[in-house]
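Undergrad: Would you mind keeping the following structure in view while I ask a few things?
Please treat every number below as a calculation from the coordinates, not as lab data. Only a predicted model underlies this, so the values are computations on that prediction, with no experimental measurement involved. Positions of Cβ are generated from backbone atoms using ideal geometry, with glycine treated the same way; all protein chains shown enter the neighbour counts.
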Amino acid sequence: MYRLFFQLLCLFTAASMTTSCGNSSSAAKAGNPDASFSCVLDGKTISGKGTDQNINAAFHLTGDDKGQIFFRLSDPDNTNEKFMFQVPGKTGATTFTNSPTYSYSGYMNADMASYTDDPVTVTITSISATRVSGTFSGKYSWQKGTGSGNAKPSVEVTDGKFDIPFSTSAQWKQLYHAE
């Protein structure tokens, strides 16, 4: 139910984050310097450290998505390029494929080209009351009509790793319908 909401929210929050959340690495890193992710996307290493309680932070969802967690991974210096996941809030692997009912932009590049999971596997290796960590890998397919006309038809992510806190921000929890 919230997947379309998250897709739209992530498309429109990049500009507001620039002004309301500071969008500077020093602002994001001040929140939790231990938050981090990294991966290799089509041979290029992408990584980020720190959190502003929205990016590189996880959320326990409520309502119809209770039992699920949502998180965005992004470099605080380049929040337009991001990975987005909604997975069961427990250890184990979950594989997503492009589905017209449940698909949403799993990856968005810096040119605002949206890509859907085709397939992508996320494995939660550790989850506690305050943190979640794991791995991700797979392929993303471009959603035609998004971003620039120079978008690749597909991209592959390997060696994805994340270790992030659960958000403590009441504002972001309210926005994401999270506890």
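Undergrad: Mind jotting down the three principal axis lengths of region 108-166 based on Cα atoms? Whole angstrom, largest first.
TA: Computed over the Cα atoms, the extents are 42, 19, 14 Å.
Undergrad: Where does region 35-145 land on Rg(C-alpha)/(2.2 N^0.38 Å)?
TA: Normalised Cα radius of gyration, region 35-145: 1.02.
Undergrad: Under a plain spin-label model, where a point goes 7 Å from the Cα along Cα-to-Cβ, how far apart in nm are residue 44 and residue 156?
TA: Label-label distance for residue 44 and residue 156, simple model: 1.7 nm.
Undergrad: Round to a whole angstrom and tell me the spacing of the C-alpha centers of region 163-179 and region 42-77.
TA: 10
Undergrad: Below 15 angstrom from the Cβ of residue 119, what's the summed charge of the other residues (Lys, Arg +1; Asp, Glu -1)?
TA: -2
Undergrad: Next question, about the same structure. Roughly what would the spin-label model give for residue 135 and residue 66, points 7 Å off Cα along C-beta, in nm?
TA: 3.3
Undergrad: Using the basic label-point model (7 angstrom from Cα toward the beta carbon), what is the residue 128 to residue 34 distance in nanometres?
TA: Result: 0.6 nm between the two label points.
Undergrad: Below 12 angstrom from the Cβ of residue 41, what's the summed charge of the other residues (Lys, Arg +1; Asp, Glu -1)?
TA: Net charge in that neighbourhood comes out at -1.
Undergrad: Just add up the charged neighbours of residue 139: K/R +1, D/E -1, any other residue whose Cβ is under 9 Å from the Cβ of residue 139.
TA: So the surrounding residues net to -3.
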